[in-house]
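Following: one structure in structure tokens, then a few remarks.
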Amino acid sequence: MKTVNSEIKPLNQLRLLVGSVLTALFCNGCAINGPQSTVTPNGPVAQAEFKVYLVTLGVCAAIFLVVGSVMAYCLYRYRDRGDSPDQLPPQGHGNPLLEIGVVGISVLLVSLMVYPTVKGIFYIGSLPPGSKPLLIKVTGYQWWWRFEYPDQGVVTANEIAIPAGRPVKFELKTHDVIHSFWIPRLGGKVDMIPNQNNWLWLEANPEIARGYTDPVTGKTSSGVLYGQCAEFCGESHAFMRFRVLVLKALDFEQWIQHQKSDAPPPPPGSVASTGQKVFNTVGCTTCHTVRGNPIASGTLGPDLTHVGSRLTLAAGTLPNNRANMRKWLLNPHAVKPGNMMWRLGYVKKNVRTGQAGMDVISKLNALTVDEFDALVTYVENLK
Ligand code: CUA
């Protein structure tokens, strides 16, 4: 009786295998141009790291080819032909010339990788001489990012702007557990460790700036890069992301001015004004700052002064629009499991112990539809 398998001819089996492997490669590893690609460097630090990667890849590929070919040849050439079953092949005790040669080649190959690596470490480890870097202090929280520009007097969250072509020094701290700061297309990553001050510098190439038109392809750059926490830091680690706006110098100055400004108070009698009352009474202000709203000065959660103007909500998790703002505020746990806003602001009981005790400010579950809509309107208008 024929089985299904036996009907596939060897040639077709080979085609199937090659096809599957190529498909897998295509689906997995070939997103060279993805937003978090490390093989499309967009700045000098990423470029230096990419160089080391290429040299290492080249050396390893060469070793694989040479060793693999010799092994394949030996397996074939000295295979068991069944002609002398009891006889051992001739036994040798090494070849000094070959052994010295192999050691020598290994040392040479390692030096090939060491040179760019050490050079890269020194390059990345110190700010470019004579440069005037922009300073940004970054603090990691479960699961969002606080960004402070101390020289400009700006505090924001989950979205930063940097000027193209100018080094940026990031000072890295954590509020709770270990996180890792990473902007794949600019380079990194560096861990944010409790009680330790780490730092790194990065720079974005001028052609990444928003509005830059490539003279060859005619494509205009959006100026948006992705950032990601790169160290497992709890259940919503994968949702701890941020956006980097790469701007031309003038646009960057405008961005800073806007970030420095307070949120204008909503017009009296408007839906947003009702929303502000809801915001101020259900507990949002305990954790969130909205400059211009004197009651809102909490610092446990992200600064919301200009949250409506950001590209994303919930630290890079959702595109910023009204539908997603509703989704996020209605049930933050469904968007970002375990987050602090859910634990403190919504759940009547402690989710871990099942006991009451965290219900002091848990009024968000009890809002009417109109109150909730007004709250959404207020927050989305913080532009
Ligand atoms: Cu923060 Cu992973």
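Among the conditions (1) within 16 Å of the ligand (Cβ to nearest atom); (2) in a loop (DSSP other than H, G, I, E, B); (3) within 17 Å of the chain's Cα centre (by Cα), residue 146 misses just one, which is (2). Annotation note: of 171, 207, 231, the sole residue that is within 14 Å of the ligand (Cβ to nearest atom) and surrounded by fewer than 22 Cβ atoms within 10 Å (Cβ to Cβ) is 231. Among the conditions (1) at pLDDT 95 or above; (2) in contact with a Leu (Cβ under 8 Å, 6 or more places away or on another chain), residue 63 misses just one, which is (1). Look at region 53-66: where a residue is within 28 Å of residue 185 (Cβ to Cβ) and a partner is among the hydrophobic types (A, V, I, L, M, F, W, C) and loosely packed, with under 13 Cβ neighbours inside 10 Å, sitting 6+ places away or on another chain with Cβ atoms under 9 Å, you get 59/110. Among the residues of region 235-276, the ones that are within 16 Å of the ligand (Cβ to nearest atom) and surrounded by fewer than 17 Cβ atoms within 10 Å (Cβ to Cβ) come to 2 in all.
Count of region 80-136 residues, restricted to those that are aromatic (Phe, Trp, Tyr) and without any contact (Cβ under 8 Å) to a residue 40 or more places away in the chain, is 2. Of note, residue 185 satisfies the criterion of being of a type in the set (Lys, Arg), more than 16 Å from the ligand (Cβ to nearest atom) and crowded, with 18+ Cβ neighbours inside 10 Å.
Those helices (runs of 4 or more DSSP H) of region 250-340 in which at least 1 residues are in contact (Cβ under 8 Å) with a residue 40 or more places away in the chain and more than 27 Å from residue 224 (Cα to Cα), considering only elements entirely within it, cover 271-281, 284-287, 322-330. Scan region 150-157 and tell me whether some residue there is under 26 Å from residue 52 (Cα atoms) and surrounded by fewer than 18 Cβ atoms within 10 Å (Cβ to Cβ). Looking through region 150-157, none of the residues is under 26 Å from residue 52 (Cα atoms) and surrounded by fewer than 18 Cβ atoms within 10 Å (Cβ to Cβ). All conditions in (1) within 16 Å of the ligand (Cβ to nearest atom); (2) surrounded by 16 or more Cβ atoms within 10 Å (Cβ to Cβ); (3) over 20 Å from the mean Cα position of the chain (by Cα) hold for residue 134, with the sole exception of (1).
How many residues does region 217-228 contain that are in contact (Cβ under 8 Å) with a residue 12 or more places away in the chain and either within 10 Å of the ligand (Cβ to nearest atom) or among the polar types (S, T, N, Q) (or both)? Break it down stepwise before answering.
So the first thing to find is which residues in region 217-228 are in contact (Cβ under 8 Å) with a residue 12 or more places away in the chain, and the list is 221-228.
Filter once more, so that each one left must be either within 10 Å of the ligand (Cβ to nearest atom) or among the polar types (S, T, N, Q) (or both): 221-222, 228.
The number of residues fulfilling the criteria is 3.
For residue 32, the test of being within 30 Å of residue 208 (Cα to Cα), in contact with a Gly (Cβ under 8 Å, 6 or more places away or on another chain) and among the hydrophobic types (A, V, I, L, M, F, W, C) is failed.
Taking residues in region 180-206 that are under 18 Å from residue 141 (Cβ atoms) and of a type in the set (S, T, N, Q), and partners anywhere that are within 16 Å of the ligand (Cβ to nearest atom) and at pLDDT below 95, the pairs with Cβ atoms closer than 6 Å and at least 6 places apart or on different chains are 180/189. Please verify whether residue 180 is closer than 24 Å to residue 42 by Cα, loosely packed, with under 15 Cβ neighbours inside 10 Å and either modelled with pLDDT of 95 or more or in contact with a Phe, Trp or Tyr (Cβ under 9 Å, 6 or more places away or on another chain) (or both), treating the condition exactly as stated. For residue 180, the condition - closer than 24 Å to residue 42 by Cα, loosely packed, with under 15 Cβ neighbours inside 10 Å and either modelled with pLDDT of 95 or more or in contact with a Phe, Trp or Tyr (Cβ under 9 Å, 6 or more places away or on another chain) (or both) - is not met.
Take residue 215 and tell me if it is outside any strand (DSSP E or B), under 29 Å from residue 292 (Cα atoms) and over 20 Å from the mean Cα position of the chain (by Cα). Step through it out loud before you land on a result.
Details: outside any strand (DSSP E or B): yes; under 29 Å from residue 292 (Cα atoms): no; over 20 Å from the mean Cα position of the chain (by Cα): yes.
So residue 215 does not fit the description; no.
The values are calculated or read from the model by the stated rules, or taken from the named source; none is laboratory data. Predicted model only: the values in this text are computed from it and were never measured. When we count neighbours, we look across all protein chains shown, and the Cβ atoms used for this are built from the backbone with ideal geometry, even at glycine.
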